[in-house]
Amino acid sequence: MEVKKEYYKMLGKRFKKALEKNGFCVKVASSPEEALETAIQMIPQDVSVGIGGSVTVRQIGLVDELKKRGNPLYAHWEAEPEQRSQIRKKELTSDIFITGTNAITLDGKLVNIDGVGNRVAAMMYGPKKVIVIAGVNKGVESVEDAIKRIKNIASPQNSLRLGRLLPCAKTGKCHDCDSPERMCSITTIIEKKPPETDITIILVEDELGY
Ligand code: SF4
């Protein structure tokens, strides 16, 4: 256990340095509990918050905590299907957007694949302030590895989680499907901090999300 902790710490340092070189603000948290505390301190009680359907954000307990505090919250996955599009738009115009990331490369790029595109749009040109929460397990060597990881590790698990009968959920690998429920329509690579968006990454020395 101690060895793993040391390893995660080392990864945290490595990714922090690379992300900072690309202009992102990075805060390292040694545990999910510390990540929750760090995020809460960054979010005033009276601001509206959009959340991008991230497993990591829910795992650390941030959604529940924000509900308890009474922040106006936009979380499309909690809405009825016919209202989701409207809530996604509200996420885009909220004061703060909170999300995970599918992958972080060793040279400090954020790589994401979306089905609808609301999450990636909000990450780069939506709310002025974006908080990305990610376990060090999201670290990969290159953009190519990031895409492989997303399609062959994250998507099959997300597909199972969402109860979608996609080919990747059946075999654990991507089949470049043509399904109407396909989760991979848009791939983004944020190479540097976008000039008009304040992005803070809370890097957690633990495994979170898929
Ligand atoms: S393209 Fe289709 S099969 Fe491949 S990961 Fe995406 S949803 Fe799964």
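Looking only at residues of segment 142-198 that are within 22 Å of residue 109 (Cα to Cα) and of a type in the set (Lys, Arg), we find that the one that is nearest to the ligand (Cβ to nearest atom) is 151. From (1) at negative phi; (2) touching a strand residue (DSSP E or B) at 6+ places or on another chain (Cβ under 7 Å); (3) within 16 Å of the ligand (Cβ to nearest atom), pick out the condition that doesn't hold for residue 139. Evaluating residue 139 over (1) at negative phi; (2) touching a strand residue (DSSP E or B) at 6+ places or on another chain (Cβ under 7 Å); (3) within 16 Å of the ligand (Cβ to nearest atom) leaves (3) as the failure. Being surrounded by 20 or more Cβ atoms within 10 Å (Cβ to Cβ), touching a strand residue (DSSP E or B) at 6+ places or on another chain (Cβ under 8 Å) and over 22 Å from residue 127 (Cβ atoms) holds for only one residue in 15, 97, 24, and it is 15. Within this structure, residue 67 passes the test of being part of a helix (DSSP H, G or I) and farther than 22 Å from residue 194 by Cβ. Can you confirm whether residue 136 is farther than 30 Å from residue 41 by Cβ, among the β-branched types (Val, Ile, Thr) and surrounded by 15 or more Cβ atoms within 10 Å (Cβ to Cβ)? No.
Throughout, read-outs are computed from the coordinates displayed, never taken from laboratory work. Predicted model only: the values in this text are computed from it and were never measured. Neighbour counts are summed over all protein chains in view; Cβ atoms, including those assigned to glycine, are modelled from backbone coordinates with ideal geometry.
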